[in-house]
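See structure below.
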Amino acid sequence: MITVGLLSDTHAYWDDRYAEYFAPCEEIWHAGDIGSLEVAQRLGEIATLRAVHGNVDGANIRLLYPDVLRWECEGVDVLMTHIGGYPGRYAPQIRDILYRKPPRLFICGHSHILKVQYDKTLQLLHINPGAAGLQGWQQVRTLVRFRLDKGNISDLEVIELKRSFD
């Protein structure tokens, strides 16, 4: 069993609560728009970091983190990218990959809108963790934490970081 901390769209912003909420995690996954190598390095000090770059990330981050990342974790086929859309309206650049060989778990960021939705057509769980940084219009910043074990996704929790406390 593994506990995963998931976030996106930090836009170079660091919040010490990332470390607090992700302390029990063996891995942290960042769905793009990291914004700075410092944020990536600090996340990697908490747990193993898997990340993709986003549309605002510069060349230094793009050299380290791919556009699309696919791997198996605890028996779950995972596909992560930054701009992915959502069930019924997937982004053109990822749609073919999803339909050709659907993963069990599809993760993306970009919209700054938290969304957890099951795609009945592709039989996959779609998660967009929303935005963890301050850039954007969202009033509540969000993180997601869940467990993977023997092909199962469980104990999903949404962690809200209200902007008023920033």
| request: Please find, within segment 16-35, the residue that is nearest to Asp67 (Cα to Cα) out of those that are open to solvent by 10 Å² or more (accessible area, probe 1.4 Å) and small (Gly, Ala, Ser). | output: Gly35
| query | Between a first residue in segment 13-31 that is within 10 Å of Ile46 (Cβ to Cβ) and a second residue that is open to solvent by less than 50 Å² (accessible area, probe 1.4 Å) and among the basic types (Lys, Arg), which pairs have beta carbons less than 7 Å apart while being 6 or more apart in sequence or on different chains? | reply | Tyr21/Arg145; Cys25/Arg145
| said: Among (1) within 22 Å of Pro102 (Cα to Cα); (2) assigned to a strand (DSSP E or B), there is one condition Leu122 misses while meeting the rest; what is its number? | reply: (2)
| Restricting the first residue to segment 86-108 and requiring it to be open to solvent by less than 100 Å² (accessible area, probe 1.4 Å), which pairs with a second residue that is part of a loop (DSSP other than H, G, I, E, B) meet a Cβ separation below 6 Å and a spacing of at least six or different chains? | Ala91/Ile83; Ala91/Gly84; Ile94/Gly84; Pro102/Leu122; Ile107/Ala31; Cys108/Ala31; Cys108/Gly84
| message | Is it the case, given these coordinates, that Gly133 is in contact (Cβ under 8 Å) with a residue 24 or more places away in the chain and in contact with a Cys (Cβ under 7 Å, 6 or more places away or on another chain)? | response | no
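When you scan segment 5-13, do you find a residue that is acidic (Asp, Glu), more than 20 Å from Leu124 (Cα to Cα), modelled with pLDDT of 95 or more and surrounded by fewer than 16 Cβ atoms within 10 Å (Cβ to Cβ), even just one? If you could, list the steps in order and put the result at the bottom.
Initial filter on segment 5-13 (acidic (Asp, Glu)): 9.
Retained after the next criterion (residues that are more than 20 Å from Leu124 (Cα to Cα)): 9.
If we keep only those that are modelled with pLDDT of 95 or more as well, we get 9.
Now drop any that are not surrounded by fewer than 16 Cβ atoms within 10 Å (Cβ to Cβ), which leaves none.
No; the residues of segment 5-13 include none that is acidic (Asp, Glu), more than 20 Å from Leu124 (Cα to Cα), modelled with pLDDT of 95 or more and surrounded by fewer than 16 Cβ atoms within 10 Å (Cβ to Cβ).
Look through Lys120, Lys162, Lys115 and report the one residue that is among the charged types (D, E, K, R), out of contact with any Lys or Arg (no Cβ under 9 Å at 6 or more places or on another chain) and farther than 18 Å from Ile83 by Cα. Explain how you work it out, then say what you get.
On the way: Lys162 fails: out of contact with any Lys or Arg (no Cβ under 9 Å at 6 or more places or on another chain); Lys115 fails: farther than 18 Å from Ile83 by Cα.
Testing whether each residue is among the charged types (D, E, K, R), out of contact with any Lys or Arg (no Cβ under 9 Å at 6 or more places or on another chain) and farther than 18 Å from Ile83 by Cα leaves just Lys120.
The values are calculated or read from the model by the stated rules, or taken from the named source; none is laboratory data. No experiment lies behind these values; they were computed from the predicted model shown. Positions of Cβ are generated from backbone atoms using ideal geometry, with glycine treated the same way; all protein chains shown enter the neighbour counts. Only protein heavy atoms, including side chains, enter the accessible area calculation; ligands, DNA and RNA are left aside. Shrake-Rupley method; radii C 1.70, N 1.55, O 1.52, S 1.80 Å.
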